[in-house]
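Enquirer: Have a look at the structure that comes next, please.
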Amino acid sequence: MLTLDRVTKTYKVGSFGGSELRAVREVSFSVAPGEVVALIGESGSGKSTIGKMILRLLEINGGTIRFEDTDVGKLTGSALREYYRRVQGVFQDPFSSFNPVFKVSHVFDLVRNSYFGDASKAAWQARVSAAMDTVNLEPGQVLYKYPHQLSGGQLQRLLIARALLLDTQFLVADEIISMLDASTRIDVLNLLGDLRERGLGILFITHDLSLGNYISARAIILRRGRIAEMGPTAEVFGAPLHPYTRMLLASVPQLHAKWGALGAEERAGAGWAPSASEPCLYHALATPGPVAGLAEVGPGHFVGCVNPLDDGSCGRSASPVS
Amino acid sequence: MSLKVNDLRVYYRTLAGDVKALDGVTLEIADGEIVGLAGESGCGKTTLGNSLVRLDSRMKMVGGSVELDGQPLPVDDFEAMREHRWKRVSMIPQYAMSALNPTRKLGQMVREVLEARGVRYADVRPELERRLDLVGLAPAVLARYPIELSGGMKQRMVMVLSTLLDPSLLVADEVTSALDVSSQRAVAQLLQSFRDHGFVRSMIVVTHDVSILYQITDTLAIMYAGKLVEKGPTDEVMARPRHPYTRLLVSSLPEVGVRYDEERLSGIPGSPPSLLNPPQGCRFRDRCPLAFEKCVEEPPMRDVEPGHPVACWAVDATGAPA
């Protein structure tokens with residue numbers, strides 16, 4: 001339903017915008033209805049930038065994002081408004097997503113004013129209570145309170161309910177549970193699972209590998225704006241192809257196995273670089289796969305270049321480190 | 001015995017009354033021990049850490065006592081604590097990245113902080129450089145401004161600075177929460193090595209992330225609504241949690257390898273009680289699946305086995321639920 005084709009985003013940085021920062025480089029993937037795709041990356045990998053481009057909160061600099069038959073980048077005015085009827089986002093910080101001056105029902109009223117101006121009061125109430133029902137909230141208990149009177153988990157579920165008021169088919173969930181407590185975050189995750197069963201496509205953006213692994217059918221590992229690895233979640237986590245994925249997995253704190261000793265480079269925290277002996281799977285495979293910049297190693301399991309340079313060439317072959 | 005906290009009560013003054021954030025916590029920490037404090041937001045874990053180092057004007061110590069290395073620690077006297085702060089007790093605050101003065105080069109800042117404590121910078125400089133090297137920072141960072149460092153580098157700088165005078169007790173509050181998984185691991189393991197090198201004698205690590213605590217702590221203390229509910233050797237508590245709250249908390253954690261499709265985890269229903277007017281008896285009883293009549297009385301901390309006390313009526317001396 002949602003397809004990204006070689007999407008690129010360049011930010012102008014520095015004084016007077018003199019230099020450029022390429023936050024997202026030629027990223028291609030798609031999300032099907034009823035599918036949760038986890039977009040996993042560290043800070044600065046461009047994961048939120050991709051989410052914001054899908055939501056048209058940022059301009060797209062290169063490539064196209066298509067939602068069904070529409071080119072998202074070209075939408076304006078009422079067409080964009082109609083797009084938001086079907087594609088919605090929920091963000092990281094539920095506390096700052098609400099205006100503290102108004103009761104939480106205000107966010108619902110805003111949706112009503114923009115999209116359901118001619119709906120009768122009864123029809124609107126029915127819509128609100130259906131959405132609240134989906135997220136397991138009692139309207140009477142939460143709707144007429146102020147944001148500070150509710151917990152983060154309740155606020156986050158309210159925001160998901162807000163997104164569901166429209167005829168939402170696609171949800172961008174950007175770090176929606178990283179600010180929640182362990183005891184409530186799993187409920188919000190399970191809620192995403194319920195929504196998936198209703199046919200929603202969900203892009204679940206996270207830096208937490210265990211959360212991404214829990215809920216998603218497919219996982220995409222981003223590194224410096226490029227896809228390092230993409231595939232069925234069980235394969236990406238079970239048999240990772242890219243050394244970067246392996247490094248991330250080794251860093252995740254687990255509950256049954258303790259970390260080994262740190263290497264000197266990891267200790268220095270200088271940023272990860274593949275070891276010189278690591279072969280480049282992408283450049284070893286001569287036949288390019290169906291997705292630009294990625295080689296298909298197993299069915300639906302793609303891997304990118306092990307150490308791409310700025311111009312896209314392979315850092316491995318260009319400058320072998322001795 | 002390095003630290004003895006006896007029945008410590010710290011309340012927050014608010015217009016609505018006193019918030020009993022810490023309501024009778026007794027805790028002992030041995031030399032060389034790393035204790036992890038875990039619990040939901042608002043359970044008092046940060047308050048406990050803060051009150052050992054710096055009680056601010058909103059906080060009021062209502063009862064109890066703190067002893068460090070056999071001498072009383074005047075935690076409720078802000079001025080008297082100046083003598084002890086940084087030299088005997090020190091902390092890495094929750095937002096260590098914003099704890100550095102942006103208008104000073106790091107070396108200059110260290111010099112000013114040291115001289116305010118009557119310590120000559122030149123005397124400490126060789127040791128400072130040695131420790132910077134240990135955490136993977138070049139001495140050249142001392143000539144840089146904080147803005148020139150990455151988040152992980154700033155975090156390491158603050159770690160070195162907090163422990164420069166070899167305090168007996170270090171409180172590390174959510175030091176890994178804002179970091180990427182790879183630097184999270186490096187910082188967590190550095191904390192452990194600070195203890196091993198004897199830079200700090202004992203440590204309290206506060207975080208909501210139980211899996212980090214499992215990796216680096218010797219003892220795990222679980223808090224709920226201003227009280228300790230369970231404390232024991234980390235491996236023991238994680239493998240055989242006894243308190244119903246600990247059990248639910250541990251079982252709600254998704255791990256790499258656990259998938260929504262195969263195993264649906266659940267959170268803890270309900271939310272913690274208000275600490276303005278906490279209920280009589282066990283504070284977890286409204287959410288507890290094992291609650292019975294006895295729970296209206298307050299459960300004492302009883303050893304289910306040596307060194308593993310639990311505050312629950314439903315857990316008898318053999319550790320099995322009654």
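Enquirer: Taking only the range B:243-262 into account, find how many residues are more than 9 Å from chain A (Cβ to nearest Cβ) and surrounded by fewer than 24 Cβ atoms within 10 Å (Cβ to Cβ).
Expert: 3
Enquirer: Of everything in the range B:177-192, what is more than 9 Å from chain A (Cβ to nearest Cβ) and buried (at least 20 other Cβ atoms within 10 Å of the Cβ)? Give them in sequence order.
Expert: B:LEU191, the sole residue that qualifies.
Enquirer: State all residues of the range A:59-69 that are part of a strand (DSSP E or B), surrounded by 16 or more Cβ atoms within 10 Å (Cβ to Cβ) and free of Cβ contacts under 8 Å to residues at least 60 places away in the same chain; if no residue qualifies, say none.
Expert: Residue satisfying the conditions is A:GLY63 alone.
Enquirer: Now, a different point. Would you point out which residue out of B:THR26, B:THR14 is touching a residue at least 60 places away in the same chain (Cβ under 8 Å) and within 14 Å of another protein chain (Cβ to nearest Cβ)?
Expert: Testing whether each residue is touching a residue at least 60 places away in the same chain (Cβ under 8 Å) and within 14 Å of another protein chain (Cβ to nearest Cβ) leaves just B:THR14.
Enquirer: For the range B:193-208, how many residues meet the condition of being away from every other protein chain (no Cβ under 13 Å) and free of Cβ contacts under 8 Å to residues at least 40 places away in the same chain?
Expert: Of the residues in the range B:193-208, 1 are away from every other protein chain (no Cβ under 13 Å) and free of Cβ contacts under 8 Å to residues at least 40 places away in the same chain.
For every residue, the table says whether it meets (1) over 23 Å from B:GLY49 (Cβ atoms); (2) touching a Gly at 6+ places or on another chain (Cβ under 8 Å); (3) modelled with pLDDT under 90; (4) not charged (D, E, K, R).
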residue: B:GLY64; (1), (2), (3), (4): no, yes, no, yes
residue: B:GLY70; (1), (2), (3), (4): no, no, no, yes
residue: B:SER90; (1), (2), (3), (4): no, no, no, yes
residue: B:ASP123; (1), (2), (3), (4): yes, no, no, no
residue: B:LEU128; (1), (2), (3), (4): yes, no, no, yes
residue: B:LEU132; (1), (2), (3), (4): yes, no, no, yes
residue: B:ALA140; (1), (2), (3), (4): yes, no, no, yes
residue: B:ILE147; (1), (2), (3), (4): yes, no, yes, yes
residue: B:GLY152; (1), (2), (3), (4): no, yes, yes, yes
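Enquirer: So, one more: Please determine, by comparing only the residues of the range A:168-222 that are closer than 23 Å to A:VAL7 by Cβ and of a type in the set (Asp, Glu), which one is surrounded by the fewest Cβ atoms within 10 Å (Cβ to Cβ).
Expert: A:GLU175
Enquirer: When you check B:LEU276 against the structure, is it facing chain A (nearest Cβ under 9 Å) and either within 26 Å of B:THR47 (Cβ to Cβ) or not in a loop (DSSP other than H, G, I, E, B) (or both), yes or no?
Expert: Considered against the rule, which asks whether it is facing chain A (nearest Cβ under 9 Å) and either within 26 Å of B:THR47 (Cβ to Cβ) or not in a loop (DSSP other than H, G, I, E, B) (or both), B:LEU276 comes out as no.
Enquirer: Which condition from (1) in contact with a helix residue (DSSP H, G or I) (Cβ under 6 Å, 6 or more places away or on another chain); (2) modelled with pLDDT of 90 or more is the one that A:THR184 breaks?
Expert: A:THR184 satisfies every listed condition except (2).
Enquirer: Looking at (1) surrounded by fewer than 23 Cβ atoms within 10 Å (Cβ to Cβ); (2) not in a loop (DSSP other than H, G, I, E, B), which one does B:LEU22 not meet, given that it meets all the others?
Expert: Evaluating B:LEU22 over (1) surrounded by fewer than 23 Cβ atoms within 10 Å (Cβ to Cβ); (2) not in a loop (DSSP other than H, G, I, E, B) leaves (1) as the failure.
Enquirer: Just name the residue that is nearest to the chain's Cα centre (by Cα) out of those in the range B:135-148 that are more than 9 Å from chain A (Cβ to nearest Cβ) and in contact (Cβ under 8 Å) with a residue 24 or more places away in the chain.
Expert: Filtering the range B:135-148 for residues that are more than 9 Å from chain A (Cβ to nearest Cβ) and in contact (Cβ under 8 Å) with a residue 24 or more places away in the chain, the one nearest to the chain's Cα centre (by Cα) comes out as B:PRO146.
Enquirer: Condition first: in contact with a Gly (Cβ under 9 Å, 6 or more places away or on another chain) and within 21 Å of A:LEU55 (Cβ to Cβ). Now tell me which residues in the range A:204-218 satisfy that.
Expert: Passing the criteria: A:PHE204, A:ILE205, A:THR206, A:HIS207, A:ILE215, A:ARG218.
Enquirer: Scan the range B:80-89 and give yes if some residue there is of a type outside the set (A, V, I, L, M) and within 14 Å of chain A (Cβ to nearest Cβ), otherwise no.
Expert: No, the conditions are met nowhere in the range B:80-89.
Enquirer: If you don't mind, there's one more thing I want to ask. Can you tell me which residue is farthest from B:VAL210 (Cα to Cα) among those in the range B:263-287 that are small (Gly, Ala, Ser) and loosely packed, with under 14 Cβ neighbours inside 10 Å?
Expert: B:SER274
Enquirer: Still on this model: Which helices (runs of 4 or more DSSP H) does the range A:147-263 wholly contain that include 2 or more residues that are within 13 Å of another protein chain (Cβ to nearest Cβ) and within 23 Å of B:GLY257 (Cβ to Cβ)?
Expert: Helices (runs of 4 or more DSSP H) meeting the threshold: A:182-197, A:209-215, A:233-238, A:243-251.
Enquirer: Can I ask one more? Of all residues in the range A:195-210, how many are out of contact with any Leu (no Cβ under 9 Å at 6 or more places or on another chain) and either within 17 Å of A:LEU180 (Cβ to Cβ) or not charged (D, E, K, R) (or both)?
Expert: So the answer is 3.
Enquirer: In addition: Identify all residues within the range B:104-134 that are touching a residue at least 24 places away in the same chain (Cβ under 8 Å), of a type outside the set (A, V, I, L, M, F, W, C) and in contact with a Phe, Trp or Tyr (Cβ under 9 Å, 6 or more places away or on another chain); write none if there are none.
Expert: B:ARG104, B:LYS105, B:GLY107, B:ARG117, B:ARG131 - these are the residues of the range B:104-134 that are touching a residue at least 24 places away in the same chain (Cβ under 8 Å), of a type outside the set (A, V, I, L, M, F, W, C) and in contact with a Phe, Trp or Tyr (Cβ under 9 Å, 6 or more places away or on another chain).
Enquirer: Moving on to the next point. Provide a single number: the residues in the range A:133-152 that are under 24 Å from the mean Cα position of the chain (by Cα) and crowded, with 21+ Cβ neighbours inside 10 Å.
Expert: Qualifying residue count, the range A:133-152: 1.
Enquirer: Need the failing condition index for A:THR3 against (1) free of Cβ contacts under 8 Å to residues at least 40 places away in the same chain; (2) surrounded by fewer than 18 Cβ atoms within 10 Å (Cβ to Cβ), just the number.
Expert: In the conditions (1) free of Cβ contacts under 8 Å to residues at least 40 places away in the same chain; (2) surrounded by fewer than 18 Cβ atoms within 10 Å (Cβ to Cβ), A:THR3 misses (1) alone.
Enquirer: Which condition number does B:GLY44 fail, the rest of (1) on the phi < 0 side of the Ramachandran plot; (2) surrounded by 20 or more Cβ atoms within 10 Å (Cβ to Cβ) being met?
Expert: Tallying (1) on the phi < 0 side of the Ramachandran plot; (2) surrounded by 20 or more Cβ atoms within 10 Å (Cβ to Cβ), B:GLY44 fails exactly one: (1).
Enquirer: When the residues of the range B:216-242 are filtered to those that are within 13 Å of chain A (Cβ to nearest Cβ) and among the small types (Gly, Ala, Ser), which remaining residue is nearest to the chain's Cα centre (by Cα)?
Expert: The extreme case among them is B:ALA225.
Enquirer: Do we find that B:LEU290 is touching a residue at least 40 places away in the same chain (Cβ under 8 Å), more than 9 Å from chain A (Cβ to nearest Cβ), exposed (fewer than 15 other Cβ atoms within 10 Å of the Cβ) and in a loop (DSSP other than H, G, I, E, B) in this structure?
Expert: No: the conditions fail for B:LEU290.
Enquirer: On to the next question. Any idea which residue in the range B:243-254 is farthest from A:SER183 (Cα to Cα), counting only those that are under 19 Å from the mean Cα position of the chain (by Cα) and of a type outside the set (Val, Ile, Thr)?
Expert: B:TYR245
The values are calculated or read from the model by the stated rules, or taken from the named source; none is laboratory data. As the structure is a computational prediction, the values presented were derived from the model and not from experiment. Here the Cβ is made from the backbone with ideal geometry for all residues, glycine too, and neighbour counts use every protein chain on show.
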